[in-house]
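Enquirer: Below is the structure I would like to discuss, written out as structure tokens.
The values are calculated or read from the model by the stated rules, or taken from the named source; none is laboratory data. None of the values given here were measured: they were computed from a predicted structure. Quick reminder, even Gly has a Cβ in these numbers, built from the backbone with ideal geometry, and neighbours come from all protein chains shown. Surface areas here come from the heavy atoms of the whole protein model, side chains and all, with no ligands, DNA or RNA. Shrake-Rupley method; radii C 1.70, N 1.55, O 1.52, S 1.80 Å.
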Amino acid sequence: MVCPYGLSMELPPHEGSVLSVVDMHTGGEPLRIILSGYPEVKGEGVLSKRRYVRENLDYLRRVLMFEPRGHYDMYGALIVESEIPEADLGVLFMHNEGYSTMCGHAVIALGRFAVDYKLVQEPRSPETQVNIHCPCGLVKAFVEYSNGKTGGVRFHSVPAFAFATDVIVAVPGHDEVTVDISYGGAFYAFVRAERFGLDINKSKTRDLVDAATAVTNSVKSQVKLHHPTSEDLAFLYGTILTDGKDAYSQEPTANMCVFADAQVDRSPTGSGVTARVALQYHKGLIQLNQTRTFQSGATGSLFTGKAVQETTCGDFKAVVVEVAGRAHYTGVASFVQESDDKLKHGFLLK
């Protein structure tokens, strides 16, 4: 279609740098990949870079994640240099509250993006490996590649482990609630939705969010987390409500993740699937290389997950988990700011 009046795409009047992005989604969960426009991100390693952007460049997170350019549940990825020689790229994850340490849906999207945008020198069929240095560590993605086109992506996680099971926390309005806590690059609390009289697939999203947020706040105040390699990783990212179907089955099991500031994941949650598989393996409910299908309670989209290798993380018995899914492109954009725009730094409606 030809634009009427001979118009062409060009940047409008603006001040300052232009923020260029590629937008994707994985199972319905958005990912805004930031290509350019950020100042230099300082720090010797990816974790120190995460601290630097949190302390010095957080205004740009708000510009890109918040309205009017984003929305309450927008998610972003900033590509940075990695200090690890074998990494093809480093990445920082961002959301409505701050910065995550791991994001599986983003890794799936970034794997495809890295091949398509030639961050990997020589793509190979049937799969191209992409090493992505996340704040939690090096994650290896494997991207389907055939006839010059990318497809589905699977990744191998950092060591994932059950931190604590059958933890009793006092949740206001719900008395005592029993939760499991597991790590899949980030820490999550797990609890059955039926404990709150809710159904993952049928209940109102608002009710699920309220229940999960209440659990998150209670666990944060009552349980002290620690991680063997870095205290930067020792925080609860969110709560995942499940349908309780943890025993091995070929049928899908559904869950919904509520993370950061009551942000709802539209996908089955890659790092959440990682943590849930580690938890199921810890409990003896699944074996190595038994594939389970995980369904998003929000959109019905699917990931698969399986434990592929036993390992350790400090004193914790851990597993490497393989998660697989598909990501799709939704567009590209160049965002600008005008000096007299009182809302240029972004806002959120709660």
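Enquirer: Give the residues of the stretch 308-350 that are within 21 Å of the chain's Cα centre (by Cα) and either open to solvent by 70 Å² or more (accessible area, probe 1.4 Å) or free of Cβ contacts under 8 Å to residues at least 40 places away in the same chain (or both), sorted by residue number.
Expert: Selection gives 326, 328, 329, 330, 332.
Enquirer: Hey, another quick one. Mind counting the residues in the stretch 116-131 that are open to solvent by 70 Å² or more (accessible area, probe 1.4 Å) and of a type in the set (S, T, N, Q)?
Expert: So the answer is 3.
Enquirer: While we're on this one: Having 1 or more residues that are closer than 25 Å to residue 341 by Cβ and open to solvent by 30 Å² or more (accessible area, probe 1.4 Å) is the bar; report the strands (runs of 3 or more DSSP E) wholly within the stretch 12-112 that clear it.
Expert: Working: elements: 15-26, 29-36, 76-80, 89-94.
So the answer is 15-26, 29-36.
Enquirer: Could you list all residues from the stretch 253-285 that are open to solvent by 10 Å² or more (accessible area, probe 1.4 Å), under 17 Å from residue 204 (Cα atoms) and not in a loop (DSSP other than H, G, I, E, B)?
Expert: 264
Enquirer: Inside the stretch 228-245, can you point out the residues that are part of a loop (DSSP other than H, G, I, E, B), closer than 15 Å to residue 314 by Cα and without any contact (Cβ under 8 Å) to a residue 60 or more places away in the chain?
Expert: Start the filter on the stretch 228-245 by keeping residues that are part of a loop (DSSP other than H, G, I, E, B), which leaves 228-230, 234-235, 243-245.
Next cut, closer than 15 Å to residue 314 by Cα only: 228-230, 234.
Once the filter is applied, which keeps residues that are part of a loop (DSSP other than H, G, I, E, B), closer than 15 Å to residue 314 by Cα and without any contact (Cβ under 8 Å) to a residue 60 or more places away in the chain, the stretch 228-245 yields only 234.
Enquirer: Within the stretch 197-212, take every residue that is surrounded by 16 or more Cβ atoms within 10 Å (Cβ to Cβ) and in contact with a strand residue (DSSP E or B) (Cβ under 8 Å, 6 or more places away or on another chain) and give me the one that is farthest from residue 100 (Cα to Cα).
Expert: Result: 198.
Enquirer: Follow-up question, since we're still on this one. Does residue 291 qualify as being closer than 28 Å to residue 31 by Cα and either in the same structural domain as residue 140 (by the TED database) or buried (at least 18 other Cβ atoms within 10 Å of the Cβ) (or both)?
Expert: On the way: closer than 28 Å to residue 31 by Cα: yes; either in the same structural domain as residue 140 (by the TED database) or buried (at least 18 other Cβ atoms within 10 Å of the Cβ) (or both): no.
Here the answer is no, as residue 291 does not meet what is asked.
Enquirer: For residue 219, are the conditions met, namely being open to solvent by less than 30 Å² (accessible area, probe 1.4 Å), closer than 22 Å to residue 290 by Cβ and β-branched (Val, Ile, Thr)?
Expert: Numbers: open to solvent by less than 30 Å² (accessible area, probe 1.4 Å): yes; closer than 22 Å to residue 290 by Cβ: no; β-branched (Val, Ile, Thr): yes.
Considered against the rule, which asks whether it is open to solvent by less than 30 Å² (accessible area, probe 1.4 Å), closer than 22 Å to residue 290 by Cβ and β-branched (Val, Ile, Thr), residue 219 comes out as no.
Enquirer: Further question: Which condition breaks for residue 5 when tested against (1) in contact (Cβ under 8 Å) with a residue 12 or more places away in the chain; (2) out of contact with any Asp or Glu (no Cβ under 9 Å at 6 or more places or on another chain); (3) surrounded by fewer than 13 Cβ atoms within 10 Å (Cβ to Cβ); (4) not charged (D, E, K, R)?
Expert: With respect to (1) in contact (Cβ under 8 Å) with a residue 12 or more places away in the chain; (2) out of contact with any Asp or Glu (no Cβ under 9 Å at 6 or more places or on another chain); (3) surrounded by fewer than 13 Cβ atoms within 10 Å (Cβ to Cβ); (4) not charged (D, E, K, R), residue 5 is out only on (1).
Enquirer: Answer yes if at least one residue in the stretch 34-57 is more than 19 Å from residue 331 (Cα to Cα), in contact with a strand residue (DSSP E or B) (Cβ under 9 Å, 6 or more places away or on another chain) and hydroxyl-bearing (Ser, Thr, Tyr), and no otherwise.
Expert: Yes, some residue in the stretch 34-57 is more than 19 Å from residue 331 (Cα to Cα), in contact with a strand residue (DSSP E or B) (Cβ under 9 Å, 6 or more places away or on another chain) and hydroxyl-bearing (Ser, Thr, Tyr).
Enquirer: Another one. Go over the candidates 179, 167 one by one and state the one that is in a strand (DSSP E or B) and surrounded by 21 or more Cβ atoms within 10 Å (Cβ to Cβ).
Expert: On the way: 167 fails: surrounded by 21 or more Cβ atoms within 10 Å (Cβ to Cβ).
Answer to the check: 179.
Enquirer: Moving on. So which pairs qualify, if the first residue must be in the stretch 162-187 and assigned by the TED database to the domain that holds residue 284 and modelled with pLDDT under 95, the second must be part of a strand (DSSP E or B) and open to solvent by less than 50 Å² (accessible area, probe 1.4 Å), the Cβ gap must be under 9 Å, and the two must be at least 6 apart or on different chains?
Expert: As it stands, the answer is none, since no pair meets every condition given.
Enquirer: Name the residue, out of 250, 290, that is closer than 21 Å to residue 158 by Cβ and assigned to a loop (DSSP other than H, G, I, E, B).
Expert: Of 250, 290, the one residue that is closer than 21 Å to residue 158 by Cβ and assigned to a loop (DSSP other than H, G, I, E, B) is 290.
Enquirer: Moving on. Report, by residue number, each residue of the stretch 309-350 that is of a type in the set (Gly, Ala, Ser) and farther than 28 Å from residue 261 by Cα. Outline the logic, then answer.
Expert: The first filter runs over the stretch 309-350 and keeps only residues of a type in the set (Gly, Ala, Ser), leaving 314, 318, 324-325, 327, 331, 333-334, 339, 346.
Answer for the stretch 309-350, where residues must be of a type in the set (Gly, Ala, Ser) and farther than 28 Å from residue 261 by Cα: 314, 318, 339.
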